[in-house]
1. Rank these for me by crowding, B:Thr211, B:Thr162, B:Thr30, going from fewest to most other beta carbons within 10 Å.
2. Once you've got the GNM for chain B with C-alpha springs shorter than 10 Å, pick whichever of B:Val132, B:Val195, B:Val19 has the biggest mean-square fluctuation.
3. Run the count for the stretch B:2-277, please: Lys pairs, Cα-Cα under 28 angstrom, 8 or more apart or on different chains.
4. Show me the ranking of peptides A:262-271, A:190-199 by mean Cβ neighbours inside 10 Å, starting with the highest.
5. Can you pull the mean other chain C-beta count within 10 Å for peptide B:268-276?
6. In what order do B:Trp193, B:Trp4 fall by count of nearby beta-carbon atoms within 10 Å, going from fewest to most?
7. Could you let me know the centre-to-centre spacing of the stretch B:229-247 and the stretch B:170-203, using Cα atoms, in angstrom?
8. Can you pull the mean other chain C-beta count within 10 Å for peptide A:141-150?
Amino acid sequence: MTQLIQRYEEEMALVRGGAAWTGLVLLLGALAALPWLLPGYYVYILNFVGINVIVAIGLNLLVGYTGQISLGHVGFVAIGAYAATHFIRATEASGVVAALGGPFWMAVFIGGAAAAVFGVLVGLPAIRLEGPYLTIVTLGFGLAVQQILINWPAVSGGRIGMFVPQPALGSFVLGSDRSLYYLVWTVVIGMSLVAFNLTRSHVGRAFIAIRDSDIAAEVTGVNLKYYKTLAFAVSAFYAGAAGALLAYVMQYLEPTMFNLYESIYYLAMVVVGGLGTIPGAMFGAVLLTLLQYGLSHAQEYLPVIYGGIVILVMALEPMGLYGRWLKIKLWMKTWPM
Amino acid sequence: MFFWQLVLSGLSIGSLYAVVGLGIVLLYRTSRVLNFAHGDLAMVTTMIAYSLLTSAGVVFAGSVALTLLAAFALGSLFYFIVIRPVKEATLLGQIITTAGFALVLGGAAVVIWGAGTKALPFPLSRFRFYDVFGLRIDQLTIGSFIVSVITMLLLYLLVQKTKFGLAMRAVSQNDAAARVLGIPVRRVYAVTWGVSAVLGAIGGLLLAPVTFVSPTMMFDPFLKGFAAAVLGGLDSLPGVIIGGVILGVVENVFGGYVSTAFKSTVAFVMIIAVLLVRPEGLLGRKFQRRV
């Protein structure tokens, strides 16, 4: 099972051993094949799964790794979605960037960047605040974003809402759910890779040090101001990029989509999956998003079941489902001891 | 005159925020749990009052008494069933657990009572006015202000003048030491949960004639109560009252002169500004931690 690590490159490798590589290739193969095997509506749902995976990974970097609470993450998603949509509309109108072959990849980046700017702004109070006090600041941010969108028709399109143009690469339009699926999941894979590498770099170690004890981290030379704001910015970038993708998938934006409950759902994904682990965040996002759509015919029971599952996981396995999986793995490794 | 009119109604709504916030603070300072289900607990108990008043036909005073009892039972029940098993959880774990409970309560309310809004038969009217020093005040505003002040006084007496209040304060300072001294800590927690839920129920009942009864009726008041608590300092009972009143007045004056659309936004911006200067809230104790 565990092989002896002999070279530095082996120690640094993200994927270790033949079994892990096989698993990864199988997973990627399955992801590539899924939209051809499933009917259209399921592909549409998988797009939402991917978007929530991105948000959950970003939120986990903030909550699970850095130990800062955010109850306003939906605000970042909203900012990303609207920034991207305005960018697409502006470029479409001017026709300058269209010559470059359609700016959809740029829109995702701009959605993320716009959210990251606000992430820094929200992160600044976090330098001084903690616990419940930080909660109210992030909560207030999320509510403020929604209220401003509702009351500012120039940005949000008012009561009519706002339609999002389809992403295009030159004359090739990514109109179908299947082509959007590849866009969404390429971003998911790319951003997961970034997150995996970020958490094992010195930045990730600084995040974890802040989570475990910010005073001790500061004493050992971690710049608290810098890393706390950075954590907010990175996390907001993930949410913003997801927001841009959400705009593409929904093709329609409306401020009431971005309510407080979404923020709680995002947090629930991270906690149910497992705090402080990236596979955990992915797992939680996939599970809870599928649950949400799986129960779509029993919509009125959704909050009860959702809340019940969250309470159960918290009561039985505070480490989340991924924590349970690690325990099972450990047990199998030492079996039959 | 317009200004004082705004201040006055701000004072009244602020005292309701304070009552809702008191429940949050009472719980937080005793057990260090931030209860995100506080609003939904209050909503469900108001729904119970609605059912008692309309379908069961109980008189108003009787339904209020039964509702408060139900609130107490629901609060302590939640403590025994959910919070005790996850008591080791971090702040985030508690937020998630109580938010999960809030989802369950909110969802259950929709299933049982439906998502529509209902009018709660209330003995005080919003449309009967009195002239006090040249200001027009409606019956409901006066009534809810008086009830909130009485509630605060009763809570003060409970916390400061009774043996149980002493036990509560002991548990909030150091629960291990309290346990060693023979204080039944679990019972204190359970009763605190109950009292907190009762405070929420009082807030819900007083808000019902204004917001009407619906599964989302307590959403905004809960956030405001929470905000008032944070503004005043989460471990200070007088703090939340001051916080609630400031919040209510600022929000109302801003709403009257500038714009009602951004009323809540301004309230939150103000709180963030205050927290930047005083991170522990207006009357909160300074954070003191060791590595």
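1. B:Thr162, B:Thr211, B:Thr30
2. Looking only at B:Val132, B:Val195, B:Val19, the biggest GNM fluctuation is shown by B:Val132.
3. 5
4. By packing density, highest mean first, the sequence is A:262-271, A:190-199.
5. Per residue, the average neighbour count from other chains is 5.
6. B:Trp4, B:Trp193
7. 20 Å
8. Going residue by residue through A:141-150 and averaging, the value is 3.
Laboratory data are not the source of any read-out in this text; all were calculated from the coordinates shown. Just so it is clear, the model here is predicted, and its values are computed rather than measured. When we count neighbours, we look across all protein chains shown, and the Cβ atoms used for this are built from the backbone with ideal geometry, even at glycine.
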